[in-house]
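*Asks:* There's a structure below that I have some questions on.
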């Protein structure tokens with residue numbers, strides 16, 4: 001496996017990241033499984049339970065977290081050497097390529113070295129301060145961005161793999177789990193997203209994708225199954241408006257499911273530590 005170059009930013013990364021107790025990677029090997037939605041809402045749920053949280057978007061080509069958190073159009077303050085992450089709310093900070101691009105509709109045409117350099121800057125030059133959790137949202141797949149973040153943060157607390165019940169998504173989730181294992185990153189578990197949908201007319205639960213496959217994949221791979229999150233159109237509406245779904249719809253089945261996932265992860269981390 002190809003290793004990224006080591007330069008003088010490594011010591012700055014180590015010093016900066018030492019202030020953050022837990023770094024958790026949210027990943028999938030397939031797009032369209034709602035990974036970024038899960039990342040935002042896990043971060044928001046952690047913050048709502050009293051933790052200091054950072055949310056880092058390393059999806060360089062398709063950054064979405066600035067819009068999802070209501071921070072689109074806001075740029076970070078800088079002294080020319082360091083960057084201040086954007087404050088979503090008290091004790092909840094965010095940084096995304098979407099915060100650095102003045103025109104969100106312009107494509108970013110970058111090769112690997114430039115992307116790796118940006119990720120290094122997010123880790124070394126963004127003044128996150130003391131955090132309990134840094135939630136890192138990676139683009140789909142096992143390419144430059146997730147590989148770089150795992151190699152730059154060998155002390156990564158763990159990774160969460162997001163999937164749906166669709167056969168092809170489950171096959172990809174197994175690849176994501178094996179990716180983390182090869183890099184010696186603790187697999188916190190598999191989360192099955194968008195499992196059921198409650199019909200607004202008859203209140204019957206419908207399976208949008210197959211259900212239960214995420215649990216089977218977790219069993220096959222000997223990792224924890226973190227639970228199922230139902231599909232909720234209010235989540236899409238909230239994200240389009242830059243609102244935090246787990247706070248606005250805190251008693252909804254989907255929000256409660258996400259909070260359940262967070263509780264399972266926190267219990268795991270107690271055992272690990």
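The values are calculated or read from the model by the stated rules, or taken from the named source; none is laboratory data. Source: prediction; values computed, not measured. Counting neighbours? That spans all protein chains shown, and the Cβs are built from the backbone with ideal geometry, glycine included.
Quick grid of which residues meet (1) at pLDDT 85 or above; (2) part of a helix (DSSP H, G or I):
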| site | (1), (2) |
| --- | --- |
| 150 | yes, yes |
| 160 | yes, no |
| 165 | no, no |
| 169 | no, yes |
| 176 | yes, yes |
| 190 | yes, no |
| 223 | yes, no |
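*Asks:* Just give me the residues in region 23-32 being more than 15 Å from residue 150 (Cβ to Cβ) and either out of contact with any helix residue (DSSP H, G or I) (no Cβ under 6 Å at 6 or more places or on another chain) or at pLDDT 95 or above (or both), in sequence order.
*Replies:* 31, 32 - these are the residues of region 23-32 that are more than 15 Å from residue 150 (Cβ to Cβ) and either out of contact with any helix residue (DSSP H, G or I) (no Cβ under 6 Å at 6 or more places or on another chain) or at pLDDT 95 or above (or both).
*Asks:* Considering 63, 102, which residue is modelled with pLDDT under 95, buried (at least 19 other Cβ atoms within 10 Å of the Cβ) and farther than 23 Å from residue 257 by Cα?
*Replies:* 63
*Asks:* Quick test for you: out of 235, 156, pick the one residue that is assigned to a loop (DSSP other than H, G, I, E, B) and either at pLDDT 90 or above or in contact with a strand residue (DSSP E or B) (Cβ under 6 Å, 6 or more places away or on another chain) (or both).
*Replies:* Answer to the check: 156.
*Asks:* Condition first: crowded, with 21+ Cβ neighbours inside 10 Å and touching a strand residue (DSSP E or B) at 6+ places or on another chain (Cβ under 8 Å). Now tell me which residues in region 41-58 satisfy that.
*Replies:* Matches in region 41-58: 42, 43, 44, 46, 47, 53, 54, 55, 56, 57, 58.
*Asks:* Taking residue 177 as the residue in question, decide whether it is free of Cβ contacts under 8 Å to residues at least 60 places away in the same chain and either touching a strand residue (DSSP E or B) at 6+ places or on another chain (Cβ under 6 Å) or closer than 22 Å to residue 265 by Cβ (or both).
*Replies:* Answer is yes for this residue.
Rundown of residues vs (1) within 16 Å of the chain's Cα centre (by Cα); (2) assigned to a strand (DSSP E or B); (3) over 23 Å from residue 230 (Cα atoms), yes/no style:
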site: 16; (1), (2), (3): no, no, yes
site: 23; (1), (2), (3): yes, yes, yes
site: 33; (1), (2), (3): yes, no, no
site: 45; (1), (2), (3): yes, no, no
site: 51; (1), (2), (3): no, no, yes
site: 63; (1), (2), (3): yes, no, yes
site: 70; (1), (2), (3): no, no, yes
site: 73; (1), (2), (3): no, no, yes
site: 76; (1), (2), (3): no, no, yes
